[in-house]
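Data block below; observations after.
Taken together, the values in this text are just the output of simple stated rules run on the coordinates, not laboratory data. All of these numbers come straight from a predicted model, not from anything done at the bench. Because the Cβ atoms are built from the backbone with ideal geometry, glycine has one as well, and the counts that use them run over all protein chains shown.
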Amino acid sequence: MANYKIAIIVGSLRKDSLNRRIARSICALRGDNLDCQMVEIGDLPLYNQDYDLQRQQPEPFVRFREQVGAADGILFCTPEYNRGVPGVLKNAIDVGSRPYGRSVWDQKPAAIVSASPGSIGGFGANHQLRQACVFLNMPVMQQPEAYLGHVSDDSFDEDGCLKEGPLKDLVTKLAHAFHDWVETILRARELLAHDAARAERAAKRAQPV
Ligand code: FNR
């Protein structure tokens, strides 16, 4: 099975973030063929469109865009703040989307996980993020949906791994589905490029000399 580079973006800066621990669990479950890298967003200055006019971009913007750009796929794990996406994550989305025409999100397969101690599992943030991904031309995995509710410190063992139970079962399913999703999108794209190249060669051969 192919090994894909996955950029993980966590929408919480909290040291003991539940979402960060969920993200780590997904990596641990598919460590054999998902090569995961946490891409930090806490040091990104607030996006300001004036930056796009400058030759010199803020160093954290450059680092962030390079890390996201090099990934085969993106995994978002985010809390919900006031029924929406935390500001720090929305800022990262905006930073990656600009300068205009050079978005690093374009065409990247993605999955969105939201986790909360509350009962609706960050549904609002999850779908707000999906809305941005539509505009950013990112194919987002549809199933299994991951609104992880009732997540707490008690969901994890001393090593920070998910304890056995329905939450771990869902996250395991999700980790497998995400690998297959990234593979489906990237292979489909490769096949289409291959077909297009073959059609172009055939068209050239058919031209009268
Ligand atoms: C929250 N929390 C929260 N939870 C939720 O399910 N829906 C919500 O709208 C909100 N709103 C909200 C706003 C703000 C400003 C804070 C600080 C918190 C609670 C939140 O889910 C909880 O703190 C999680 O533990 C945050 O995720 P991390 O940091 O553990 O990943």
Query raised in the report: Just one of Gln107, Gln143 is without any contact (Cβ under 8 Å) to a residue 60 or more places away in the chain and either closer than 23 Å to Ala70 by Cα or assigned to a loop (DSSP other than H, G, I, E, B) (or both); which is it?
Result: Gln143
Query raised in the report: If you check Asp180, Asp169, which single one turns out to be under 15 Å from the mean Cα position of the chain (by Cα), in a helix (DSSP H, G or I) and more than 23 Å from Ala92 (Cα to Cα)?
Result: Asp180
Report task. Only residues that are among the basic types (Lys, Arg) and under 15 Å from Arg130 (Cα atoms): list them for segment 54-100, please. Result -> Arg83, Lys90
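Among the residues of segment 82-121, which ones are of a type in the set (Val, Ile, Thr), surrounded by fewer than 21 Cβ atoms within 10 Å (Cβ to Cβ) and more than 23 Å from Leu174 (Cα to Cα)? Outline the logic, then answer.
Kept after step one, since they are of a type in the set (Val, Ile, Thr), are these residues of segment 82-121: 85, 88, 93, 95, 104, 112-113, 120.
Adding the requirement that they be surrounded by fewer than 21 Cβ atoms within 10 Å (Cβ to Cβ) leaves 88, 104, 120.
Selection gives Val88, Val104.
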Report summary line: If we keep only residues of segment 110-132 that are part of a loop (DSSP other than H, G, I, E, B) and either more than 18 Å from Arg20 (Cβ to Cβ) or not polar (S, T, N, Q) (or both), then the residue nearest to the ligand (Cβ to nearest atom) is Gly118
Requested in this report: Could you list, in sequence order, all residues of segment 1-35 that are free of Cβ contacts under 8 Å to residues at least 60 places away in the same chain, among the basic types (Lys, Arg) and surrounded by fewer than 20 Cβ atoms within 10 Å (Cβ to Cβ)?
Outcome: Arg14, Lys15
Requested in this report: Please find, within segment 133-178, the residue that is farthest from Gly118 (Cα to Cα) out of those that are more than 16 Å from the ligand (Cβ to nearest atom) and in contact with a Gly (Cβ under 9 Å, 6 or more places away or on another chain).
Outcome: Leu136
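Consider segment 131-144. How many of its residues are in contact with a helix residue (DSSP H, G or I) (Cβ under 8 Å, 6 or more places away or on another chain) and either under 15 Å from Ile26 (Cβ atoms) or not small (Gly, Ala, Ser) (or both)? Full working, then the answer.
Quick first cut of segment 131-144, residues in contact with a helix residue (DSSP H, G or I) (Cβ under 8 Å, 6 or more places away or on another chain) only: 132, 136, 139-141, 143-144.
Now drop any that are not either under 15 Å from Ile26 (Cβ atoms) or not small (Gly, Ala, Ser) (or both), which leaves 136, 139-141, 143-144.
Number satisfying all stated conditions: 6.
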